[in-house]
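Here is the structure we will look at, set down as structure tokens.
The values are calculated or read from the model by the stated rules, or taken from the named source; none is laboratory data. This one's a predicted model, so the numbers in the text were calculated from it and none came from an experiment. For neighbour counting, all protein chains shown are included, and Cβ atoms are generated from backbone atoms with ideal geometry for every residue, glycine included.
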Amino acid sequence: MNLKPSPLAFIVFLLAGWISRQQLVVIEYLKAETRMLRERLKGRSLAFSDRERALLARRASGIPRKVLLELGTIVTPDTLLRWHRQLIARKFDVSSWRKPGRPRTMRIITELIVRMAMENPRWGYTRIQGALYNLGHEVGCGTIANVLQREGIEPAPERGRRTAWSVFLKAHWRTIVAADSFTAEVWTIKGLITHYVLFVIELAKRIVHILGITTHPDEAWMLQVGRNATDTLDGALTGKSHLIIDRDTKYSRQFRRLIAESGTAVIRLPPRSANLNAYAERYVRSVREECLDRMIFIGEGSLRRALRDFDSHYHLERNHQGIGNRLLRANPPPMGPGAEVRRRQRLGGILNFYYAPAA
């Protein structure tokens, strides 16, 4: 029996061939585009979201590895297959069904344990347990021990034998001063000369006293500065219980003995200690950024004048974040409606203060 193809079947055959050729053209274009994109991404990787990974993994699940290699995809076949395996594994993941085990100690109790241990260095587990019971919390000594161990806090009595730096500062806050120094480069007839400025700062009030300026901070100069600072009438260390200094060699043994004999104990910071003289270091940063780094000094007199102007601005006109963003000496009265605002300039406008004159 001789069957002849119908015209309709012939048309369908031609249409299918045309569509197949169109698809091949599109595929070749996409492959070329992908190759160019991969060349630009050499040495770099794209970040995919979990949703994008899942989508690509599902699309690639029915494509053989050989075909994926021929396509030259941005994501390698191994990565697509790994994502696909993770997608399958996630389907059978039942970890979210598990019930939690023994609950951890409530955060509020943990914070109370740490607070009591830090505020009472000699309290042991039983004493802390009793204090918690007074507040309505029944906590075992083992739980208290675990909390302190996890927070890196030593048990009593070891904890009570050491005084934390923060505790010491709070206990002597109003009578502690810290000393430090900074340098300034000054042009003279001999060229650029380094000048050393020594100062002390009262930690509680942030008040700074410039003790002296010199080009040679030798022991004789330091001893004279020490005698001036310990003067019973107007010395910067009068009435101060402790002076914090670093390990700089200018604080010689004779200098430390002079200060100690005046009644002010000298505390030397540990070697390479970070942030233990933070208040003095913060003042150095302020005077550099707001004054020294913005000026060229010609002669020691210009340096002294600049430091005097900065000292006045610092104590009378500069707001300090460490004391609630307030002025050191006094707070200005509130400005009334329609009051005129004036500007007080120092150092040629480098330092400015805005105020409303009294009516």
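Condition check: among the hydrophobic types (A, V, I, L, M, F, W, C), closer than 25 Å to Ile193 by Cβ and part of a helix (DSSP H, G or I). Does Leu307 satisfy that?
Yes; evaluated as a whole, the condition is true for this residue.
How many residues does the stretch 310-352 contain that are in a strand (DSSP E or B) and either over 23 Å from Arg285 (Cβ atoms) or modelled with pLDDT of 90 or more (or both)?
7
Between residues in the stretch 145-161 that are at pLDDT 80 or above and part of a helix (DSSP H, G or I) and residues that are of a type in the set (Ser, Thr, Tyr) and surrounded by 14 or more Cβ atoms within 10 Å (Cβ to Cβ), which pairs lie under 7 Å by C-beta distance while being six or more apart or on different chains?
Ala145/Tyr125; Val147/Thr105; Val147/Thr110
If you go through the stretch 296-344, how many residues are in contact with a helix residue (DSSP H, G or I) (Cβ under 6 Å, 6 or more places away or on another chain), surrounded by 14 or more Cβ atoms within 10 Å (Cβ to Cβ) and without any contact (Cβ under 8 Å) to a residue 40 or more places away in the chain?
0
Working only within the stretch 107-127, note down all residues that are more than 25 Å from the chain's Cα centre (by Cα), within 14 Å of Ala145 (Cβ to Cβ) and in a helix (DSSP H, G or I).
Ile109, Thr110, Ile113, Met116, Ala117, Tyr125, Thr126, Arg127, listed by residue number.
Would you say Asp231 is without any contact (Cβ under 8 Å) to a residue 24 or more places away in the chain and either more than 16 Å from Glu202 (Cβ to Cβ) or in contact with a Pro (Cβ under 7 Å, 6 or more places away or on another chain) (or both)?
Yes; evaluated as a whole, the condition is true for this residue.
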